[in-house]
Amino acid sequence: MPSLVHTEIETAVKGFLIDQEKMTEVVERMTKEIKMGLAKDTHARAVIKCFVSHVQDLPTGKERGKYLALDLGGSNFRVLLVNLISNSDVEIMSKGYNFPLTLMSGSGKALFDFLAESLSEFCHTHGLENESLPLGFTFSFPLQQQGLSKGILVAWTKGFSCEGVVGKNVVSLLQEAIDRRGDIKINTVAILNDTVGTLMSCAFYHPNCRIGLIVGTGSNACYVEKTVNAECFEGYQTSPKPSMIINCEWGAFGDNGVLEFVRTSYDKIVDKVTPNPGKQTFEKCISGMYMGELVRLVVIDMIAKGFMFHGIISEKIQERWSFKTAYISDVESDAPGEYRNCNKVLSELGILGCQEPDKEALRYICEAVSSRSAKLCACGLVTIINKMNINEVVIGIDGSVYRFHPKYHDMLQHHMKKLLKPGVKFELIVSEDGSGRGAALVAATAVQAKSKL
Ligand code: BGC
């Protein structure tokens, strides 16, 4: 424990420091919830829904052709053109569109009109307005899928709350917005979760990839299940295909109260100010949308009690969400005893002239929040690997927290090794462009399936 850190600060963050025993308990509870989500009888009351993705084929490496993809899932919105040329040559052109924050809580119509407008702009720029290309829509919110191209939005997450979308088929809403414009000829053939795109994209190069994980603005995982266990899929007993990708939607774990033993008073404050209080409990302990705010709440509590920054508070740090999750990565990227990034963060927050113990305290708080995130994520992955009952697996991962935090990968690996049965081998691999290449691969599956009809 760093000697410079005040005992009061250690006490304040104690709740974030979960031990091995608690992690084992998380795995046990999560195992129960996943089983409930998969089973037909218990699905309706399960919190981890384990939605059927309708993706039953992993990539063969032989998929070819040009596809469009849309990626809506968090802070960014992108349109992509993916050309699968060979198994080693995939050409991707993409453009990010400035997503006005007001759209997140506006009307559903405004949201889908914006998506269609961006898509149209992209098609016109690339001379695709007269081509009838298949489109894969990476839509990273909980969907009850009724087919590859039909998905009903169950709830918004990650700060979205657009009216008139929950309970609707998102593919129809997009297609209607495209048709309202009438200036492009796009055919939405598949809708998928970002975890599924991540898995597919990674499996294109790593045939043993069976799990897709996102630790970014939100958090979630999907995995390859036996079709016979996917009881909510109509054809679970008759399908000729042995596998089904399950979109766990693990972010909702704990919404029934089973995670209270790893939550802190700070988690409860964060939860209250979100548009979905009481929902996405696990995600709110793990993901990038919330980690920075958790750190900020601990810091302002410590300032108010006079344990940090001589009790002097800046205007900036009093603003909600002003401590970006990227700051956690910055602070933890400094070598021990160095404070270059930390100084930059403090100056951006308007906190000047603080001493080394304050900077150590800030780092300590960041580490407490990020290590709990990695531990809980490790618990989730171990639950899935145990459920799959396999001895070797590749896990494709994407998301800003995993990509940019300097120690996240190592922490995840370390805790997974401690929790897994001896002899189980796994590899954590960054999955490149799941929302583009992954969406194209799922769209290719959809096109193939149609051509066989
Ligand atoms: C959504 C998931 C998504 C995850 C990561 C969560 O908030 O519910 O569908 O996969 O974020 O983007």
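If I ask for residues that are among the hydroxyl-bearing types (Ser, Thr, Tyr) and touching a residue at least 60 places away in the same chain (Cβ under 8 Å), which ones from segment 269-326 would you list?
Answer for segment 269-326, where residues must be among the hydroxyl-bearing types (Ser, Thr, Tyr) and touching a residue at least 60 places away in the same chain (Cβ under 8 Å): THR274, SER287, THR325.
Yes/no matrix, rows are residues, columns are (1) of a type outside the set (S, T, N, Q); (2) more than 16 Å from the ligand (Cβ to nearest atom); (3) within 22 Å of the chain's Cα centre (by Cα); (4) surrounded by 14 or more Cβ atoms within 10 Å (Cβ to Cβ):
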| site | (1), (2), (3), (4) |
| --- | --- |
| GLY73 | yes, no, yes, yes |
| ARG78 | yes, no, yes, yes |
| LEU81 | yes, yes, no, yes |
| SER86 | no, yes, no, no |
| ASP89 | yes, yes, no, no |
| TYR97 | yes, yes, yes, yes |
| LEU103 | yes, yes, yes, yes |
| SER107 | no, yes, no, no |
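Tell me the residue from LYS417, LYS421, LYS407, LYS425 that is without any contact (Cβ under 8 Å) to a residue 24 or more places away in the chain, surrounded by fewer than 21 Cβ atoms within 10 Å (Cβ to Cβ) and of a type in the set (D, E, K, R), please. Step by step, each of LYS417, LYS421, LYS407, LYS425 is checked, and only LYS417 is without any contact (Cβ under 8 Å) to a residue 24 or more places away in the chain, surrounded by fewer than 21 Cβ atoms within 10 Å (Cβ to Cβ) and of a type in the set (D, E, K, R). Of the residues making up segment 153-195, just one is closer than 22 Å to TYR223 by Cα, in a helix (DSSP H, G or I) and touching a helix residue (DSSP H, G or I) at 6+ places or on another chain (Cβ under 7 Å), namely ASP194.
Just the residues that are in contact with a Cys (Cβ under 7 Å, 6 or more places away or on another chain) and at pLDDT below 95, please, taken from segment 307-330. Step through it out loud before you land on a result.
Here is the first cut: in segment 307-330, the residues in contact with a Cys (Cβ under 7 Å, 6 or more places away or on another chain) are 309, 328.
Selection gives PHE309 alone.
Criterion first (within 13 Å of the ligand (Cβ to nearest atom) and among the basic types (Lys, Arg)) does LYS158 satisfy it? Reasoning before the result, please.
Details: within 13 Å of the ligand (Cβ to nearest atom): yes; among the basic types (Lys, Arg): yes.
Considered against the rule, which asks whether it is within 13 Å of the ligand (Cβ to nearest atom) and among the basic types (Lys, Arg), LYS158 comes out as yes.
Kindly evaluate THR325 against the criterion of being among the hydroxyl-bearing types (Ser, Thr, Tyr) and within 16 Å of the ligand (Cβ to nearest atom). Criteria met by THR325. Could you tell me whether SER371 is touching a residue at least 60 places away in the same chain (Cβ under 8 Å), surrounded by fewer than 21 Cβ atoms within 10 Å (Cβ to Cβ) and either within 19 Å of ILE313 (Cβ to Cβ) or in contact with a Phe, Trp or Tyr (Cβ under 8 Å, 6 or more places away or on another chain) (or both)? For SER371, the condition - touching a residue at least 60 places away in the same chain (Cβ under 8 Å), surrounded by fewer than 21 Cβ atoms within 10 Å (Cβ to Cβ) and either within 19 Å of ILE313 (Cβ to Cβ) or in contact with a Phe, Trp or Tyr (Cβ under 8 Å, 6 or more places away or on another chain) (or both) - is met. Taking segment 18-30 as the range and being surrounded by fewer than 15 Cβ atoms within 10 Å (Cβ to Cβ) and either free of Cβ contacts under 8 Å to residues at least 24 places away in the same chain or not in a helix (DSSP H, G or I) (or both) as the test, the residues that pass are ASP19, GLU21, GLU28. Would you check which residues across segment 265-285 are in a loop (DSSP other than H, G, I, E, B) and surrounded by 22 or more Cβ atoms within 10 Å (Cβ to Cβ) and list them? Within segment 265-285, just GLN280 meets the criteria.
In segment 163-197, of all residues being at positive phi and at pLDDT 95 or above, the one that is surrounded by the fewest Cβ atoms within 10 Å (Cβ to Cβ) corresponds to GLY167. Taking VAL401 as the residue in question, decide whether it is modelled with pLDDT of 95 or more, touching a Gly at 6+ places or on another chain (Cβ under 7 Å), of a type in the set (A, V, I, L, M) and surrounded by 15 or more Cβ atoms within 10 Å (Cβ to Cβ). Against the criterion (modelled with pLDDT of 95 or more, touching a Gly at 6+ places or on another chain (Cβ under 7 Å), of a type in the set (A, V, I, L, M) and surrounded by 15 or more Cβ atoms within 10 Å (Cβ to Cβ)), VAL401 qualifies.
Yes/no per residue for (1) at pLDDT 95 or above; (2) more than 12 Å from the ligand (Cβ to nearest atom); (3) part of a loop (DSSP other than H, G, I, E, B):
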{"residue": "LEU199", "(1), (2), (3)": "yes, no, no"}
{"residue": "ARG210", "(1), (2), (3)": "yes, yes, no"}
{"residue": "ILE214", "(1), (2), (3)": "yes, no, no"}
{"residue": "ALA221", "(1), (2), (3)": "yes, no, no"}
{"residue": "LYS241", "(1), (2), (3)": "yes, yes, yes"}
{"residue": "MET244", "(1), (2), (3)": "yes, yes, no"}
{"residue": "GLY254", "(1), (2), (3)": "yes, yes, yes"}
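Among the candidates ILE214, ILE152, the residue that is closer than 30 Å to THR102 by Cβ and touching an Asp or Glu at 6+ places or on another chain (Cβ under 6 Å) is uniquely ILE214.
The values are calculated or read from the model by the stated rules, or taken from the named source; none is laboratory data. Quick caveat, the model's predicted, so the values are computed rather than measured. Cβ: placed from backbone, ideal geometry, glycine included. Neighbour counts: every protein chain shown.
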